[in-house]
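A.B. asks: Take a look at the following structure, please.
The values are calculated or read from the model by the stated rules, or taken from the named source; none is laboratory data. No experiment lies behind these values; they were computed from the predicted model shown. Every residue, glycine as well, gets a Cβ built from its backbone with ideal geometry; the counts of neighbours run over all protein chains shown. Keep in mind that these areas ignore ligands, DNA and RNA; they rest on the heavy atoms of the full protein, side chains included. Shrake-Rupley method; radii C 1.70, N 1.55, O 1.52, S 1.80 Å.
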Amino acid sequence: MKKILIIETNIPKYDKYNRATGLWLGETAHFYDEIVSAGYEIDFASQMGGYVPLDPESFKYANEIDWKWYNDKDFRTLALANTKKISELNPQDYIAIYYTGGHGVLWDYPDNSELKKMAEEIYKLGGFIVSVCHGAAGLLNLKDENQEYLIKDKVITGFTNDEEKLNGTTDKVPFLTETELIQRGAKYEKESAFKEFVVKDGRIITGQNPQSPQKVGKILIEELNKLK
């Protein structure tokens, strides 16, 4: 059985502002909880490999699932301290790639050629491309076999402009996720701010915000079960 690849950020702070960012813990922990419960093996990877910083704000909203995995030594080692380098992985090993969020991904996802190649190859081989929240930034520059944007004419969601405004970060990010998805031709859909919302279009599954990773995981498992 092929594995699922979880992608995380290496970026610890906003580019021009002394404000911490990093992985939003729940966007890995809640998705991971669903996937391992279904018996799938996981690899954690990042652009540079190794350490993944955590957005301190994410601990304000941590629940029992977050603490369950954060207190797990193996999880901390594999998911946070010693992630694999994307460049060292083989796309043929994976049935799905999942882009976690946190604002840091806006700097290290969109233009990473190794990550782009990995996702495009997984999709070409029949795998799923999955994201949550700002993780949709990783989908922005993916291309299909005709060199069209992969998300063009696809139903996609991701962190909304309203959510960015409510978060007080509109003027601190390099781009607005909702705006860029629409500019790439996606059929962007959203729910109310910070309400769980997930959409699926073929083999692309996307969640809107930090409230959505668990449902993203559930839908991915449902789709993978259809292939058995």
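A.B. asks: Take the conditions in a loop (DSSP other than H, G, I, E, B), within 23 Å of GLY185 (Cβ to Cβ) and open to solvent by less than 30 Å² (accessible area, probe 1.4 Å) and apply them to GLY101. Does it pass?
C.D. replies: For GLY101, the condition - in a loop (DSSP other than H, G, I, E, B), within 23 Å of GLY185 (Cβ to Cβ) and open to solvent by less than 30 Å² (accessible area, probe 1.4 Å) - is met.
A.B. asks: Also, I was wondering about something else. Could you tell me how many of the residues in the stretch 154-209 are under 12 Å from LEU140 (Cα atoms), of a type in the set (Asp, Glu) and in contact with an Asp or Glu (Cβ under 9 Å, 6 or more places away or on another chain)?
C.D. replies: The qualifying residues number 1.
A.B. asks: May I pose another question? Condition first: part of a helix (DSSP H, G or I), in contact (Cβ under 8 Å) with a residue 60 or more places away in the chain and closer than 12 Å to THR157 by Cα. Now tell me which residues in the stretch 181-228 satisfy that.
C.D. replies: Residue satisfying the conditions is VAL216 alone.
A.B. asks: So TYR99 ticks every box in (1) over 17 Å from the mean Cα position of the chain (by Cα); (2) within 22 Å of ILE6 (Cα to Cα) but one. Which box is left unticked?
C.D. replies: Looking at each condition in turn, TYR99 falls short on (1).
A.B. asks: Could you please let me know if ALA79 is at pLDDT 95 or above, part of a helix (DSSP H, G or I) and either basic (Lys, Arg) or touching a Leu at 6+ places or on another chain (Cβ under 7 Å) (or both)?
C.D. replies: On the way: at pLDDT 95 or above: yes; part of a helix (DSSP H, G or I): yes; either basic (Lys, Arg) or touching a Leu at 6+ places or on another chain (Cβ under 7 Å) (or both): no.
No.
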